[in-house]
1. Pull up segment A:105-150, narrow it to residues that are within 15 Å of ligand 1 (Cβ to nearest atom) and polar (S, T, N, Q), then point me to the one that is farthest from the other protein chains (Cβ to nearest Cβ).
2. Of all residues in segment A:65-86 being touching a residue at least 40 places away in the same chain (Cβ under 8 Å) and aliphatic (A, V, I, L, M), which is nearest to the other protein chains (Cβ to nearest Cβ)?
3. What do you reckon, is residue A:17 over 20 Å from residue A:117 (Cβ atoms), more than 9 Å from ligand 2 (Cβ to nearest atom) and at pLDDT 90 or above?
4. So residue A:90 ticks every box in (1) hydroxyl-bearing (Ser, Thr, Tyr); (2) under 30 Å from residue B:33 (Cα atoms); (3) within 11 Å of chain B (Cβ to nearest Cβ) but one. Which box is left unticked?
5. Residue B:290 passes all but one of (1) assigned by TED's automatic domain parsing to the domain that holds residue B:84; (2) in a strand (DSSP E or B); which number fails?
6. Which condition number in (1) away from ligand 2 (no atom under 12 Å from the Cβ); (2) charged (D, E, K, R); (3) at pLDDT below 90 is the one that residue A:35 fails?
7. Being within 19 Å of residue A:66 (Cα to Cα) and in a loop (DSSP other than H, G, I, E, B) is the filter; apply it to segment B:234-272 and report the residue that is nearest to the other protein chains (Cβ to nearest Cβ).
8. Would you confirm whether or not segment B:48-63 contains a residue that is closer than 19 Å to residue B:387 by Cα, out of contact with any strand residue (DSSP E or B) (no Cβ under 7 Å at 6 or more places or on another chain), within 14 Å of chain A (Cβ to nearest Cβ) and assigned to a loop (DSSP other than H, G, I, E, B)?
Amino acid sequence: MASDESLPTLKILMIGPSGAGKSALLIRYCDDQFDNEYSTATIGVDFKLKKLSVHGKPYRLNLLDTAGQERFRTLSNSYYRGAHGVILVYDISNRDSFAAMERWFEEAETNAMPGAVMYLVGSKLDKTAARQVSADEGQRLAEKHGCSFCEVSAKTRENVRKPFVDIVNAIVKDPKLLSAGSRRGGTVAVGGEGEGWGSGCAC
Amino acid sequence: MESLSDTKWDVVISGTGLQHSLLALALSRSDKKILHVDHNEYYGGAEAAFSLQEVDEWHPDSSTGTFQNVTLWKDDADTSSQSNKLSFSRAYTLTLSPQIIYTKSKLLGQLVSSKVYRQLEFQAVGNWWIYNGEGPPLLKRLPNGREDIFRDQGIDNRAKRSLMKFLKFVVDFENQPELWEADSECSLQDFLSSRFQLPPHLQSIITALTLSLDTPGRTIVKWALPRISRHLTSIGVFGPGFGAVIPKWGGGAEIAQVACRAGAVGGGVYVLGTGVTNAVDDRDKERWRIELSNGETVGTKHYIPHSGSANGSNSRMVSKTIAVVSSTLSSLFVNSTEGSPLAAVSVVVFPSGTLHLEEATQDCPVYVMVHSSETGECPAGQCVLYATTLYSATSKPILDAALSSLIKSTECSDARLLYTLYYDQQEDISSPCDLAFDDRILENVEEQWKEAMGSEGADGSSLFMQFEERRGINPDDDNDDDY
Ligand SMILES: Nc1nc2c(ncn2[C@@H]2O[C@H](COP(=O)(O)OP(=O)(O)O)[C@@H](O)[C@H]2O)c(=O)[nH]1
Ligand SMILES: [Mg+2]
């Protein structure tokens, strides 16, 4: 059996305005937890690893959260390096968060590698009474940028797996994209995975 | 949303250059509340990297004077082939910090022990070439280790023995002070000729390894020996055939960004396009009052200012030209050592006096770092040249001459300059003008880290840059196709 390390790894980013529900979605999907309080969920979360099989073939998802750098729009170019997919999240109960999406699409399109798959998500689907953005509008924006769309609730779990499964399905359909993210022959291993360097030597 | 002034900050860091970003990384696992600002709209300060459009928008802050005389040139010739013309803006990542990192540098160890190396991709600095101005051949590859020297037909046996004697000495020079201490202020060249009877062309080769920006006369023994030793002992540490690496996507610029992300993951708040306009040390309250250019005022226990120029007399200025070339210059990247990784960088050295110009004499050496498209800095089929020399009134024509001589001597008929960006750069305490990463930066970072950490840093409960892996792994797999 293949070990997890050797599975093909797909790098998928979460982006979108602060408070849109990116971290909640990620944590619900990966850990099946939800914290109603305004959480500091973002802090300390560098990335999440999750194994996902599509059509019987397993993949290792490397899911990256913004680490709060979206708050003042200071995500760096390096965040986008090698990403196969970008999930753009807005809050259906917050008009401003939807209005900000054009700029987030633009940032993703300029920084992600050519061919990277985008996916638009309207979050907090459970807040029906407070809805400010219709599903239609979301759908239209997604179509404009040639990507798929769905609405989810991290709170009720509704549709939580859909964006991840769909985006992985789209990514693996494109062999060129799959191989573009992998490291090339010229990469030098400085880490000596698991041994030596850093662990002991303070010399 | 709460404003910045609502938080009682522990540390405010101004500037996201490499040193300041490494500090943010060092503090990223502390519970300190950290505000990290930069007056630039981009990360990296004097170690930033730019797309072509970002270069167009780059208006270096004349008040700090770090960058001056920025001059841009673009080829406007109309050609049909793709690699023969400039591609779109984002296809380029031109870096202000193409420093090589010797494999012996503590930086690599710290990037590993702090775990951020996983977000970086390191590539090998392969061949070193020396230009002799007379030829042929104009470019000669420097021997890569002992076997290479033995095989070299161009060195006679007597010189070979002298060279081997010197190489054996220099890797252990610290334990043999009697052989060099008396000459420590002498020029390296004189030392090599009087103590080791090395002929002039071997003196040039040894001097090239120091990456000295000075004239040979001012490249002195006590400064040069540790650098030569570092060069030689770094070869083979991470694999055969190379002794230095650079991070893909813009060298120091990429490290700065990855370090800042680590700071953010640790809870640090990042604001760009916002500088510190005034900082007042309120001694009674043991706090700083920091006025920001966005109009807010914040309070903090520790304040790390954007560093200024290095002290007057020692502060040097270098001139640089970044050039995009319409060729891979593949002859510079030939693999010369079995089993070595594909190199992404080659180093070409033009020793003093090897470039012949009508209007100027070349007193100082010129170094050109050749970056292949593997670095991610340019499209396939092209490469980026980073040329550096010590500033002088004629440094621009000297750099131009180095670039055209380099292109000519590679005999790549398709090679043309497509783009050049010239600038002068003033040395700064946190951004030394060195073509190799200077480990003293890490000493500064550790100093600042200790101060901000107070007792936690001193009593050993927190170790500098030694962090556990952040756990991203979770037990349940997602194993089916439908939802
Ligand atoms: N009702 C409801 N609240 C949510 C949902 N997702 C997130 N939230 C809340 O929205 C706030 C911001 O969520 P967070 O995930 O931190 O947003 P981020 O800044 O995009 O990472 C938090 O208080 C969450 O509890 C959801 O699906 N339903
Ligand atoms: Mg978040």
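The values are calculated or read from the model by the stated rules, or taken from the named source; none is laboratory data. Being a predicted model, the structure only gives us computed values, none of them experimental. Glycine also receives a Cβ, built like all others from the backbone with ideal geometry; neighbour counts cover every protein chain displayed.
1. My answer is A:128.
2. Going residue by residue through segment A:65-86, those that are touching a residue at least 40 places away in the same chain (Cβ under 8 Å) are A:65-66, A:68, A:70-71, A:75, A:79-80, A:82-86.
Among the residues that remain, those that are also aliphatic (A, V, I, L, M) are: A:75, A:83, A:86.
On the way: A:75: 9, A:83: 12, A:86: 16 Å.
If we take residues in segment A:65-86 being touching a residue at least 40 places away in the same chain (Cβ under 8 Å) and aliphatic (A, V, I, L, M), then A:75 is nearest to the other protein chains (Cβ to nearest Cβ).
3. Working: over 20 Å from residue A:117 (Cβ atoms): yes; more than 9 Å from ligand 2 (Cβ to nearest atom): yes; at pLDDT 90 or above: yes.
Yes: the conditions hold for residue A:17.
4. With (1) hydroxyl-bearing (Ser, Thr, Tyr); (2) under 30 Å from residue B:33 (Cα atoms); (3) within 11 Å of chain B (Cβ to nearest Cβ) applied to residue A:90, the lone miss is (3).
5. Among (1) assigned by TED's automatic domain parsing to the domain that holds residue B:84; (2) in a strand (DSSP E or B), the lone unmet condition for residue B:290 is (1).
6. (1)
7. Filtering first and then ranking leaves B:267.
8. Here is the first cut: in segment B:48-63, the ones closer than 19 Å to residue B:387 by Cα are B:48-52, B:55.
Going one step further and asking which of them are out of contact with any strand residue (DSSP E or B) (no Cβ under 7 Å at 6 or more places or on another chain), we end up with B:48, B:51-52.
Among the residues that remain, those that are also within 14 Å of chain A (Cβ to nearest Cβ) are: B:48, B:51-52.
Subsequent filtering for residues that are assigned to a loop (DSSP other than H, G, I, E, B) retains B:48, B:51.
For segment B:48-63, residues closer than 19 Å to residue B:387 by Cα, out of contact with any strand residue (DSSP E or B) (no Cβ under 7 Å at 6 or more places or on another chain), within 14 Å of chain A (Cβ to nearest Cβ) and assigned to a loop (DSSP other than H, G, I, E, B): present.
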